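Coordinate-derived values only; no laboratory data. Every value quoted in this text rests on a predicted model; they were computed, and no experiment measured them. Virtual Cβ from ideal backbone geometry, glycine too; neighbours counted across all protein chains shown.
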Amino acid sequence: MRSDLKMTESFVAEALEFFTAPLPSEADKFANGKVAVIAGNYGMTGAAVLCASAAIRSGAGLVYSIVPGGCLAALEANLPEAVKIPAGDPDRHHFTAEDAEALARVCADADAIVIGPGLGRAEATTEFVKKLLLEEDFGKRAKAVVLDADGLYPFAGKPELLRAAAEKLEGRLIVTPHEGEAARLLGKTREYVHENREECARELAETAHGGAAVLKGHGTLIAGRSGGKYEIYENTTGNPGMGTGGSGDVLSGMTGAISVSAKDPLTAARYAAALHGLSGDIMAARYGERYIAASDLIKGLGELKRYAGQHESLGRDRS
């Protein structure tokens, strides 16, 4: 069923205009929004750095990078612009359920929250994620909560738990799985998801309870509710060179930052997917598809204004 599928050509120019528009003259770092990024564990601090760096480059005024205490040194060395907040003592390299209450308070006044890049799948960490999302203060001011990567793992085969968290967030949850993660969330095989992407994107959006779902992959699908009905969009920007480790971490950071000023989570998810792909196309034009690294996608964001007038030549028709 593709009759209601919408292509991104209809709003790429809109996304570029949004992203490259000048800020109000009175804007400051507080007006530009505070994004909290909860990410990282031993050996995966790069995911936290990529996600937070993408949020900074996507317009966030303040980024709070929240990591296990044992990961702080790596971020201090590689992420000068962000405020670093360590959870737990310096000998612990993963989050645990005992961190949930304190971090919910830290995030209480965030304008957007991203959870998941590089968290790991330790049992203690999965319990942390489930507890955090249900904490009373968590996300109470956020315009969107982006749940990505290992942040999705605790809800594998447990859509009722994810739906409970989504209901608490009242339409502000954005889930961003690739096909394997979507299969675990929905209790289906990866092959089924691959062959029924529209159906699965819609089901993911319904689980997000009025929020949005980004089903990543060739022809990324963005689904969510608009005007009382579900809409599905297929992203037509990007290229195979973006299939590299860390690319999704960049997208989640972008989505968090863009959600601060986008009109709703679905719009934020659409804009982020389109601009993420355009950045990848810029980098492919420069280096070739085979040589793109995830950090290049962040560099490409700084060149979107230059390319705004010729965006049609950067997207690929995936229909």
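Remarks
- Extension gain (nm, one decimal) between K299 and K229, 0.36 nm per residue minus Cα-Cα: 21.6 nm
- Overall, the chain carries a charge dipole of about 340 debye about its Cα centre when +1 sits on the Cβ of Lys and Arg and -1 on the Cβ of Asp and Glu, all other atoms neutral.
- The length gained by stretching the chain between R290 and E195 to full extension, at 0.36 nm per residue less their Cα-Cα distance, is 31.6 nm.
- Longest exposed-site-free window of the chain, the sites being GluC sites (Glu not before Pro) in a DSSP loop that have at most 10 other C-beta atoms within 10 Å: 137-319
- Here the sum of -39500 (n - 2.57) over DSSP H runs of 4 or more residues, divided by the residues of the chain, equals -12500 deg cm²/dmol at 222 nm, to the nearest 500.
- Computed extension length for A13-E167: 52.2 nm, one decimal, from 0.36 nm per residue of separation with the Cα-Cα distance subtracted.
- With the convex hull drawn over the C-alpha atoms of segment 192-306, the volume per residue is 103 Å³.
- C-alpha center-to-center spacing [segment 14-64, segment 80-147] in angstrom: 17 Å
- Inter-part distance where segment 276-294 and segment 181-247 are each reduced to a Cα centre, Å: 22 Å
- DSSP beta bridges in the chain [antiparallel fraction, %, rounded to 5]: 25 percent
- Helices of the chain meeting both criteria, an alpha-carbon length of 20 angstrom or more along the long axis and an average Kyte-Doolittle score not below -1.0, with helices taken as full DSSP H segments, are 265-287.
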